[in-house]
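A short worksheet on the structure shown next.
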Amino acid sequence: MATYGGTTVLATVVRAPARPGLDFFPLTVDYREKTSAAGKFPGGFRKREGAPNEKEILTMRMIDRPIRPLFPDGFIEEVQIQCWVMSHDTLNDADVLAGTAASAALALSSCPFEGPIATVRIGRIDDQFVINPTSAQLEYSDIDLVLSGHKDGLNMIEVGAAEVPDGDVIGAMKFGYEHIKDILGLIGELTEKAGQPKMLGGLVVVPDEITNLVKQELGDAMTEARQIPGKQERSDRIAAIAKEFMDKHCAAPESGNYNDVVAHAQKQGHCKEAIRLLEKKTARRLLAKKGIRADGRDLKVIRDLEMEVGIFQRTHGSAFFQRGETQSLVSCTLGTGRDEQIIDGLLPEYSKKFTLHYNFPPFCTGEARRITGPGRREIGHGALAERSLVGVLPDPEEFPYTIRIVSDITESNGSSSMASVCGGTLAMMDAGVPIKNIVSGISIGRVTDEDTGEETYITDIIGEEDFFGDMDFKICGTRDGITGIQLDLKARGLNFEQIELIFAQAREGRLFIIDQMAKVIAEPRSDISQFAPRIITLRISPDNIGKLIGPGGKTIRAIQERTGASIDVDDDGTVMIATANGEAAAQAKAEVEALTAEVKVGTVYTGKVVAVKDFGCFVEIAPGTDGMCHVSELADGFVKNVSDVVKMGDTIKVKVISIDDQGRIKLSRKAVLRDEAKQEEPANS
């Protein structure tokens, strides 16, 4: 049990024997937010928690990423981590607490976990860093930084920021790491009291004779194949030499003896793994010792860029972004307040005005596999791109639209999430969203020489450099500062000297890409698409909200039916009128203003006679607002019968001459006639 404030997380770890035939580490991380933790009922008819929501999935990834690299190579036993939120005070979020709790549970277990780690969140309010800020404090913070680390350094970083300078982000990391060390001390005390001895178990490693055989027969061919520039051509060549080796050394046994079949399957698995390891070591050796990348680029060279905006006719905004063999088609859709996404969880319900969805179809990597909904990877990549663009969005008061970006990856060979950031920026500018600055993203990789320990950092990594390398350090930002970071690390950790070097190299890359993007579209379009809804925002007195809505919504529905506009009203009196027709929006605005306008003495209205009495008539000067015009105020001179001057349904001009303490309005038609007569006198003379 880990508790922070009034928030408590239960973390459990179970270790089970390896399944036969498994060739990978089957670590499973599960995180669930029980609504009972905050004294709430689940939504829907079943009243029971169901499939994990997006927040829970992102937290699972956040817990998994720093833990997974800290298990030894060859360890393939089942390890399952479950984190349940048992109590939630609606102030302190449970995600970082769950990361620390999972690490503590692993430290107590017999698993050969090379931790522990601790996870913290850092915010900055009034230029002061804050550790584990509350949800209310985060509203005023210009940075949301989540860090995981152990005694040797940091091994997971996630950042969402509002163009915070690189040096300030590093300062926040240093601040957070000091608190990580404090938490590690607490876990150490717990482990001394209740920890179990670590049991390595049987590691699955390739026998030396197979490793040596693969190296001897395929070493030169693999070195040659790893230097073929094209991804598909390179993959085809490596597959061909692997098949040739397998056919030669792993032919099916002649007998059907069970032991022979098992031995053959085991040998096949060892040979495939040995070929994979040879490819990995070859790629790393070429990079570390010779600086040779698979596609022939220098270490800091960014792949060829190709960009275009306005590629689709009927979308509100669209863009095409390609970097090397990574390609994204991005669309931007503008909507009204009714299109906001309502988020209901342990924290108080809120709505999102900006969403980015990332899709990674099988064809983008030349695969034919099952088509399903978005997986954890797609949700994680979309969240990274989304938070990297939030920092440059306009204020809702300035631009009241709900914004949705969809990034469809149509070709992929590394950093498709960064392509989504760049494409999303272009699509928003094409849609006329007045973003504050151009945002680009770049990924930095690292390879360490196994002999000397010397580190090689590479810009704009391709998929294989991510797969075979030590890290994938994604950094997004503008010319002025950082907006988003995500670190995926396969090595043990990073120190601050390494992080500063990576930041400098990433800044150089992102500024180059921004310059290229600015050549395609330098600033947002001056107006939104003709197909996007037109939104007019105005404010009325909160006291008049009921008047605008009317009994059972009758009044506001009538305005919407007459004008074709949609009207939304907030509790603070903000009224948003949206329609595809500008004239309809203007008409709706005029009706709303007339209905909710404060009636003042001396104002002239054109109203409709709604009742005729012996003593005068009642005139509707605004929807739902009537005033009385006494018979003596209908015209100059004596008026015997009211009906001689006005009848039901007549439209007349009247002037407000008084409003009594009870809000009753007195009108005069005679005063308007006199004013009009005075205006005509100079012309007649």
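The values are calculated or read from the model by the stated rules, or taken from the named source; none is laboratory data. Quick caveat: nothing in here was measured; it's all calculated off a predicted structure. All Cβ positions, even for glycine, are placed from backbone atoms using ideal geometry, and neighbour counts span all protein chains on display.
The table for this structure:
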quantity	calculated
Restricting the range 351-398 to residues that are hydroxyl-bearing (Ser, Thr, Tyr) and surrounded by fewer than 21 Cβ atoms within 10 Å (Cβ to Cβ), the residue that is nearest to Gly423 (Cα to Cα)	Thr355
Residues located in the range 196-231, provided they are farther than 16 Å from Lys267 by Cβ, of a type outside the set (A, V, I, L, M) and surrounded by 15 or more Cβ atoms within 10 Å (Cβ to Cβ)	Gly201, Lys215, Thr223, Arg226, Gln227, Lys231
Single condition Asp64 does not satisfy, out of (1) under 24 Å from Arg377 (Cβ atoms); (2) touching a residue at least 40 places away in the same chain (Cβ under 8 Å)	(2)
Elements of type strands (runs of 3 or more DSSP E) contained in the range 125-182, each with 1 or more residues being of a type in the set (D, E, K, R)	143-150, 153-164
Test: residue in the range 103-126 that is surrounded by fewer than 18 Cβ atoms within 10 Å (Cβ to Cβ), out of contact with any Cys (no Cβ under 9 Å at 6 or more places or on another chain) and not assigned by TED's automatic domain parsing to the domain that holds Leu10	yes
Selection count where residues are in contact (Cβ under 8 Å) with a residue 12 or more places away in the chain and farther than 22 Å from Arg61 by Cα, scope the range 377-402	11
Some residue of the range 108-122 being aliphatic (A, V, I, L, M) and either assigned to a helix (DSSP H, G or I) or out of contact with any helix residue (DSSP H, G or I) (no Cβ under 8 Å at 6 or more places or on another chain) (or both)	yes
Every residue from the range 492-521 that is under 24 Å from the mean Cα position of the chain (by Cα) and small (Gly, Ala, Ser)	Ala506, Gly509, Ala518
Residue within the range 232-239 that is in a helix (DSSP H, G or I), out of contact with any strand residue (DSSP E or B) (no Cβ under 9 Å at 6 or more places or on another chain), at pLDDT 90 or above and surrounded by 14 or more Cβ atoms within 10 Å (Cβ to Cβ) present	yes
Residue among Leu329, Leu305, Leu287 that alone is touching a Lys or Arg at 6+ places or on another chain (Cβ under 6 Å) and hydrophobic (A, V, I, L, M, F, W, C)	Leu305
Cβ-Cβ under 9 Å pairs, at least 6 apart or on other chains, the range 506-523 side free of Cβ contacts under 8 Å to residues at least 60 places away in the same chain and aliphatic (A, V, I, L, M), far side buried (at least 18 other Cβ atoms within 10 Å of the Cβ) and in a helix (DSSP H, G or I)	Ala522/Met429
Scan of the range 300-310 for residues that are buried (at least 17 other Cβ atoms within 10 Å of the Cβ) and part of a loop (DSSP other than H, G, I, E, B), ordered by number	Ile302, Arg303, Gly310
Unique residue being loosely packed, with under 13 Cβ neighbours inside 10 Å and at pLDDT below 85 when the list is Asp571, Asp543, Asp527	Asp543
Criterion violated by Leu673 - all others in (1) farther than 24 Å from Gln560 by Cα; (2) in the same structural domain as Ser541 (by TED's automatic domain parsing) satisfied	(2)
Every residue from the range 2-38 that is free of Cβ contacts under 8 Å to residues at least 12 places away in the same chain and not small (Gly, Ala, Ser)	Pro20
Any hit, the range 82-91, residues being of a type in the set (Val, Ile, Thr), in contact with a Leu (Cβ under 7 Å, 6 or more places away or on another chain) and not in a strand (DSSP E or B)	yes
So Ala274, is it in contact with a helix residue (DSSP H, G or I) (Cβ under 8 Å, 6 or more places away or on another chain), part of a loop (DSSP other than H, G, I, E, B) and closer than 30 Å to Asn212 by Cα	no
Residue check for Asp430: farther than 28 Å from Gln498 by Cβ, buried (at least 22 other Cβ atoms within 10 Å of the Cβ) and either touching a Leu at 6+ places or on another chain (Cβ under 6 Å) or of a type in the set (D, E, K, R) (or both)	yes
Residue, modelled with the highest pLDDT, within the range 336-376, restricted to residues that are among the polar types (S, T, N, Q) and more than 21 Å from Met60 (Cα to Cα)	Thr365
Hits in the range 498-549 - residues which are in a helix (DSSP H, G or I), more than 30 Å from Leu154 (Cα to Cα) and among the aliphatic types (A, V, I, L, M)	Met517, Ala518, Val520, Ile545, Leu548, Ile549
Residue in the range 264-283 that is in contact with a strand residue (DSSP E or B) (Cβ under 8 Å, 6 or more places away or on another chain), surrounded by fewer than 19 Cβ atoms within 10 Å (Cβ to Cβ) and either β-branched (Val, Ile, Thr) or not assigned by TED's automatic domain parsing to the domain that holds Phe363 (or both) present	no
Residue match in the range 407-414 (condition: surrounded by fewer than 23 Cβ atoms within 10 Å (Cβ to Cβ) and in contact with a Leu (Cβ under 8 Å, 6 or more places away or on another chain))	yes
Residue in the range 66-73 that is in a strand (DSSP E or B) and assigned by TED's automatic domain parsing to the domain that holds Ala102 present	no
Any pair with Cβ under 6 angstrom, 6 or more apart, that starts in the range 656-685 at a residue that is within 19 Å of Val619 (Cα to Cα) and ends at one that is of a type in the set (Gly, Ala, Ser) and at pLDDT 90 or above	Ile657/Ser668; Ile665/Gly627; Lys666/Ser658; Leu667/Gly627; Lys670/Ala635
The range 39-61, subset out of contact with any Lys or Arg (no Cβ under 7 Å at 6 or more places or on another chain) and either without any contact (Cβ under 8 Å) to a residue 24 or more places away in the chain or assigned by TED's automatic domain parsing to the domain that holds Ile343 (or both), residue farthest from Ala11 (Cα to Cα)	Phe45
Residue that is at pLDDT 95 or above, more than 20 Å from the chain's Cα centre (by Cα), within 21 Å of Ile475 (Cβ to Cβ) and of a type outside the set (Gly, Ala, Ser), where the choices are Ile170, Ile117	Ile170
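Every residue, every condition in (1) free of Cβ contacts under 8 Å to residues at least 40 places away in the same chain; (2) more than 30 Å from Arg234 (Cα to Cα); (3) outside any loop (DSSP other than H, G, I, E, B), yes or no:
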residue: Asp298; (1), (2), (3): yes, no, no
residue: Phe320; (1), (2), (3): no, no, yes
residue: Leu329; (1), (2), (3): no, no, yes
residue: Thr355; (1), (2), (3): no, yes, yes
